[in-house]
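Computed from the coordinates by the stated procedures, all read-outs in this text should not be read as laboratory data. Fair warning: this is a prediction, and the values are worked out from it, not measured in the lab. Counting neighbours? That spans all protein chains shown, and the Cβs are built from the backbone with ideal geometry, glycine included.
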Amino acid sequence: QVQLVESGGGLVQPGGSLRLSCAASGRFVNLNAMGWYRQAPGKQSELIARISSGGSANYADSVQGRFTITRGNAENTVYLQMNSLKAEDTALYYCNAEARVWASGILRNRDYWGQGTQVTVSS
């Protein structure tokens, strides 16, 4: 099993910044892509940033130019630097990782999810 734990959420004023962190632990061979999703009340979950094991990043249009996703040196962590935050960024942010794991004697790719960290942008 792989556990993902997010941190860094909170209340911030419009125009402010926050940095989210996600740390992976457990039994895995390696982590492939990692990403950040968010879900606002009454809305569907949205993939906002994704980074490959090689460091290539992609962003949703809604956060392009304001958010930056990076991976830690240990490769089992991922960060989301959020700048110029807006009220519409208010959501539960959660981490996703595709991990290569042994399952029933076979090496497989499986997706794992964190519990999420709340980000509220309000004056």
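The value obtained for the range 1-61, namely the Cα convex hull volume divided by the number of residues, is 125 Å³ per residue.
Test of understanding: extend the Cα→C-beta vector of GLN115 to 7 Å, then name every residue of the range 12-54 with backbone N under 15 Å from that spot. Hits in the range 12-54 for GLN115 at 15 Å: 22-25. Take every Cα pair under 8 Å whose residues are at least 6 apart in sequence, average their separation, divide by the length of the chain, and the relative contact order is 36 percent.
Only Lys, Arg, Asp and Glu count, each charged at its Cβ (+1, +1, -1, -1), so figure out the dipole size of the chain about its Cα centre, rounded to 20 debye.
Values: 11 positive and 8 negative charges, 42 e Å.
For the chain, the charge dipole is close to 200 debye.
Using alpha carbons only, how many angstrom separate the centre of the range 53-90 from the centre of the range 16-37? With the range 53-90 and the range 16-37 each reduced to a Cα centre, they are spaced 11 Å. Rounded if a/c is under 1.5, else prolate if a/b is larger than b/c, else oblate: which is the chain, with a ≥ b ≥ c the root eigenvalues of its Cα gyration tensor? Judged from the Cα gyration tensor, the chain comes out prolate (a/c at least 1.5, a/b above b/c). 3J(HN,Hα) couplings calculated from phi for the range 70-78 with the Karplus curve 6.51 cos²θ - 1.76 cosθ + 1.60 (θ = phi - 60°) are, in sequence order, 9, 10, x, 4, 7, 6, 9, 10, 9 Hz; Gly and Pro show x.
Only one residue of LEU31, ALA57, GLY116 has its Cα farthest out toward the positive end of the dipole of the chain, where Lys and Arg carry +1 and Asp and Glu -1 on Cβ, and that residue is LEU31. Here, the range 57-109 has an Rg and a Dmax of 15.1, 47 Å when only alpha carbons are counted.
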